[in-house]
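Below you'll find the structure, written out as structure tokens, and then a few comments.
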Amino acid sequence: MNDCGPENGQSTGKQCRVLILGGGFGGIYTALELQKVLRRRKDITVTLLSRDNFFLFTPMLHEVATSDLEINTIISPLHKLLTRVATFVGNIEAIDLTAKSVRVSHGFDGHCHDLPFEHLVLALGASTNFFGLPGVEANALALRTINDAVALRSRLISFLEEANSECAVGERKPLLTFVVAGGGFAGVETIGGINDFVRDAVRFYPALSEVDVRMVLVTPDELILAELGPELGACAQRELASIFVAIIPDRPGQQLRQALQQRLEGTGADPKPLYTLNVNYWIAGEGLAVQPDTSTTRIRLFGNANWTLIGRDPSQTVVTTGHARAEDAVNVINTQYFSADLQTEASDRYLAEALADQITTRLAIFFRNKAGAGG
Ligand SMILES: Cc1cc2nc3c(=O)[nH]c(=O)nc-3n(C[C@H](O)[C@H](O)[C@H](O)COP(=O)(O)OP(=O)(O)OC[C@H]3O[C@@H](n4cnc5c(N)ncnc54)[C@H](O)[C@@H]3O)c2cc1C
């Protein structure tokens, strides 16, 4: 702030104006820092201009879109955050660098003001890059603002309602297929959130079944979360390989353990595993169709797995935990002449594979995030 006069707290008599454009991470942190270092400079006024009167914490946006968090947990009002910096809520229309002035519109009638400045901070963010992919911009919902998150949540609920209606028979699979474009942090976390939200919600819709739910993540990269780079990916892979899957009782438990071992490459072969994965696995069933003699002819099976990753250190630290859930349905056939029900066997296998996929993906994301945070 050299041309704003001395820094000894003495006023030069001439007011110096700093304008910060944008109330995102860049703008807010600049304002917070300036209100700290310029607290004695009565001759300097700092004003932050932004479209919204709040700061949005984008890393948790997907959690609002999938109802894990309430809106007010990820937004902070500017007036509360910035006690010594003035705020102006409006739409920035033009910047005149020669005249040192910013045109901003606001109010119900959208009238304009020209705000002069001596110093300008530009922190207006970026716009969503659709990479020119045909159809994506026209059909996709973006996830960048709080309104986007609310729109996504409404869309998810509308599709669940539509799929549940009687006239949607035959259309349920497409209605319950969700595609996320982009395998970066935001894409991976968003599809994870949508997956949990939709699978949890279908339980409450009588006509819907988890079997019809399909989640697709589209990415041109070989690895998801490519921004972490191959080194961190390899680091996460090594961590996965050092997981020992503890015994899971009963026949379905053995199938789940086998499916997990196949995915956690190297597990079992590693002479010194770093972690133990404990899984509490159970299958529950409910009747879907009943004959006149009250015997059940079709049942829905739910595979539930509560899992805990424990360090193999002396204190056996809990590293991370999670819950996975999968669903299938089988016809009940008269087993009088059969020693084993092949359908149930196939269903158990399907549940084990689906749960192993979910658990492995969660662990991979956990280790990649951990590696990214330098852990
Ligand atoms: C869903 C999602 C998840 C993310 N997760 C992570 C993460 O986990 N970790 C991470 O490091 N980064 C993450 N990011 C990226 C991170 O949000 C951005 O890097 C960061 O927001 C950039 O900060 P910024 O201040 O440059 O822009 P922004 O935060 O976008 O702020 C721009 C500001 O300018 C305002 N503005 C723009 N144009 C105008 C105008 N004409 N008039 C008035 N105001 C205007 C906007 O309203 C906004 O307040 C995520 C982004 C998204 C969308």
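Normalising by the residue count of the range 128-220, find the relative contact order in percent from Cα pairs under 8 Å and 6+ residues apart. Kindly include the intermediate steps, with their values, before the conclusion.
Values: 84 pairs, mean separation 25.7, N = 93.
Worked out over the range 128-220, it gives 28 percent.
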Exercise for the section: Please give the contour-minus-distance gain from Lys100 to Asn72: 0.36 nm per residue of separation, less the Cα-Cα distance, rounded to one decimal in nm. Expected result: 6.5 nm
Problem - Under 5 Å, built H, 5+ apart or other chain: amide partners of Thr87 - result: Leu48
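Give the peptides 171-182, 100-111 in descending order of average Cβ contacts within 10 Å, highest first.
Highest mean packing first, the order is 171-182, 100-111.
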Problem - Semi-axes of the equivalent ellipsoid for the range 91-195, Cα gyration tensor, largest first, Å - result: 41, 17, 12
Fill in the blank from the handout: Distance in Å, no decimals, from the C-alpha centre of the range 37-81 to the one of the range 167-188 is 32
Exercise for the section: Enumerate the lysines that Lys272 could reach by cross-link, defined here as Cα to Cα under 24 Å, with residues fewer than 8 away along the same chain left out. Expected result: Lys370
Completion exercise
Scoring only Lys, Arg, Asp and Glu (+1, +1, -1, -1) among other residues with Cβ under 11 Å from the Cβ of Pro174 yields 0
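How do 150-156, 281-287 rank on mean C-beta neighbours within 10 Å, highest first? Mind dumping the intermediate values first?
Working: 150-156: 16.0, 281-287: 14.3.
So the order, starting with the most tightly packed, is 150-156, 281-287.
Laboratory data are not the source of any read-out in this text; all were calculated from the coordinates shown. Just so it is clear, the structure is predicted and the values come from calculations on it, not from any experiment. All Cβ positions, glycine included, derive from the backbone under ideal geometry; neighbour counts span all protein chains shown.
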